[in-house]
Every structure is written in C-alpha cells, then in structure tokens.
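The values are calculated or read from the model by the stated rules, or taken from the named source; none is laboratory data. Since the structure is predicted, the reported quantities are computational estimates derived from the model, not experimental observations. All Cβ positions, even for glycine, are placed from backbone atoms using ideal geometry, and neighbour counts span all protein chains on display. Protein only, heavy atoms only, side chains kept; ligands, DNA and RNA dropped before computing areas. Shrake-Rupley method; radii C 1.70, N 1.55, O 1.52, S 1.80 Å.
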Amino acid sequence: MSIFKKKAKTERVLPTHIAIIMDGNGRWAKKRSLPRTAGHAAGSKNFKDIARYCNKIGLKYLTVYAFSTENWKRPKEEVDNIMKIFKEYLEDAKNFKDENIKVRFIGDRSVLDADIIRLMQESEDASRDATGLNLNIAINYGGRDEIVHAVKNIVDSGIAPNEITEQTITDHLYTAGQPDPDFIIRPSGEYRLSNYLIWQSAYSEYWFSDILWPDFKPKDLEKAIDDYNHRNRRFGGI
Ligand code: IPE
Ligand code: IPE
Ligand code: MG
C-alpha cells in the first residue's frame, strides 16, 4: 500500500446567496431575427427553469434582476411587453406555492400598475411559509434608489444621526434581514453592475460570461459555482 494518502476531494461549497443580472434577451432575439419581445419571453422561461434548479440543489437565496429603475428609458412598447410577461408570471402564483419557493419583490413597486401590485402581494402571501429557496425578484429596482428610500425611512423614523451605523442602513434596504450576495453572475458580455445591489455587493465575488441570458443553463450555473469554489474571500483580512 502506498504511504501517500489519496488527497481528500474537498466538498463543493454552495454560495448562500447568488444574484443574477438576467441580461442579453434583446441580443438573443436579434441573433434569431426575432422581435425583442421574443427574447424577453425566452428570458422569462429561463428564469423559471433556473429558479427551480436553484431550489432543487438547495440554494438558500437567489436574487434576480428583472427590471431596473433605468429600464423605463426603453420604448413604451417594450416596457409594456416586459410588464405583460411579468404579469403572466405572477398570475401563475402557484409556481411558488407548489415548489416551496418563498418569493419576495425588491424595488419600488408603488409606480407599477395596480393589478401587478396586487398580484405581487398575493404571490408573497401565498409563499410566505415556504421553507425552500428564498427568491427575490428585483423589479423597478435600482441600488441608488434603494439607498435613497432607506435614508428617507431612517430620517422618518427619527433615529439620531450619531446612532446611524452600517447596520442601520442594511436594515432599511429592501433586502433587510437577508444575507448579502456571495456571488453575482452577469451573462451577456457586459462587465458592469448596472445599479444592482450596490450596497450589498461590497464583498461579493463576480462571474461574467458572454452567454446571453436565455441560453444560460444549469450547466453554466454549475460551472460558475465551481469557479466560485476556487475564490479566496478575505474580506479585508489576510
Ligand atoms: C435584459 O435583457 C432584460 C431587461 C433589461 C428587462 P435586455 O433587454 O437588456 O437585452 P440586451 O442587453 O438588449 O441584449
Ligand atoms: C440590467 O440590464 C438590468 C436587467 C437585467 C434587468 P440592462 O440591459 O438594463 O443594463 P445596461 O443598460 O446594459 O447597463
Ligand atoms: Mg441589456
């Protein structure tokens, strides 16, 4: 018998919280000579598949960027189409209930259509007791807007300035009570945050890829998680 012990295969660590920027729907459609709306429909379907997969592998938190505070700049027809797809998704609220996925929405929902606001609330209520994946859907979400919203609430609550800590701000964000994202994935070939989780991402690891969102499959997520397992997170220590 060899005197050398076989090196123990180290167990893969799943990040606690993965955040994804679901980008590239428009380019996916363009490549196929389809209207951008077809890209958003394909992106929405892919989102459901990836959320289900994350739940299956036991991920605790997934936050996806669906619509930013800057996306209102797009032509009205495209914005209306994205909202229509979002509404169709919400109408199927049992998606969350049956699958034990707890859904929450982050972002400023006050300016959305009343129907959509009601459906969002119903989805959150229907999945409140789920114990599987915590799924955050960022809709009309902007990191800077979120911080402004938090500051207003802090001022409103009358907290004295010298009592404000980093934790105070964390506690007033849409993500209050949830862990920061460990790992942020952006497909589509862009290397930027686009106003996503800017407070929460202070120590996140990043993963970029040219894959367009509708083509981003569980095997790509697995590859990203493997890469995450080779990162050395120091948080300012040594
Ligand atoms: C992401 O895909 C969806 C939203 C921003 C709502 P895009 O629509 O940004 O796709 P590209 O970047 O134009 O390819
Ligand atoms: C980020 O994608 C927002 C979402 C995926 C919802 P964008 O397509 O809006 O980002 P930019 O404009 O390329 O930075
Ligand atoms: Mg884009």
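With the simple spin-label model, which puts each label point 7 Å out from Cα in the Cβ direction, the residue 60 to residue 121 separation comes to 3.1 nm. Projecting the Cα atoms of 175, 230, 28 onto the charge dipole of the chain (Cβ charges, centred on the Cα centre) puts 230 farthest toward the positive pole.
Peptides 13-26, 97-110 ranked from most to least packed give 13-26, 97-110, packing being the mean of other C-beta atoms within 10 angstrom over each peptide's residues. Stretching residue 170 away from residue 219 to a fully extended chain increases their span by 14.3 nm, per 0.36 nm per residue minus the current alpha-carbon distance. The HN-Hα couplings worked out from phi for segment 61-74 by the Karplus form 6.51 cos²θ - 1.76 cosθ + 1.60 (θ = phi - 60°) are 9, 10, 10, 10, 8, 9, 7, 9, 5, 8, 5, 5, 5, 6 Hz, whole numbers, x standing for Gly and Pro. When +1 charges are put on Lys and Arg Cβ atoms and -1 charges on Asp and Glu Cβ atoms, the dipole computed for the chain relative to its Cα centre reaches about 1180 debye.
Extension gain, residue 84-residue 98: 0.36 nm per intervening residue step, less the Cα-Cα distance, totals 2.7 nm.
For segment 134-146, backbone phi angles converted through the Karplus equation (6.51, -1.76, 1.60; θ = phi - 60°) give residue-by-residue couplings of 8, 10, 9, 10, 8, 9, 6, 10, x, x, 5, 4, 5 Hz, Gly and Pro being listed as x. Distance between the modelled labels on residue 229 and residue 208, one decimal in nanometres: 2.5 nm (7 Å Cα→Cβ projection). Rolling a 1.4 angstrom probe over the protein heavy atoms with all chains in place gives the chain an accessible area of 56 Å² per residue. Under 17 Å from the 7 Å Cα→Cβ point of residue 151, by amide nitrogen: which residues of segment 109-143? It comes to 142-143, nothing else. Cα centroids of segment 63-102 and segment 191-224: 19 Å apart. The listed residues 208, 47, once ranked by accessible area (1.4 Å probe) with the largest placed first, stand as 208, 47. Note: relative contact order over segment 92-238, using C-alpha pairs below 8 Å and six or more positions apart, is 19 percent. In terms of its alpha-carbon gyration tensor, segment 59-208 comes out rounded; the largest-to-smallest axis ratio a/c stays below the 1.5 threshold. Note on exposure: 170, 165 ranked by accessible area (1.4 Å probe, complete protein assembly) read 165, 170, with the most exposed listed first.
Note on residue 109 and residue 52: their simple-model spin labels are 2.4 nm apart, each label 7 Å out from Cα toward Cβ. Per-residue ellipticity at 222 nm computed for the chain from its helices equals -12000 deg cm²/dmol, with DSSP H segments shorter than 4 residues left out and the rest contributing -39,500 (n - 2.57).
The length gained by stretching the chain between residue 12 and residue 193 to full extension, at 0.36 nm per residue less their Cα-Cα distance, is 62.5 nm. The HN-Hα couplings worked out from phi for segment 215-226 by the Karplus form 6.51 cos²θ - 1.76 cosθ + 1.60 (θ = phi - 60°) are 8, 7, 10, x, 5, 6, 4, 4, 4, 4, 5, 4 Hz, whole numbers, x standing for Gly and Pro.
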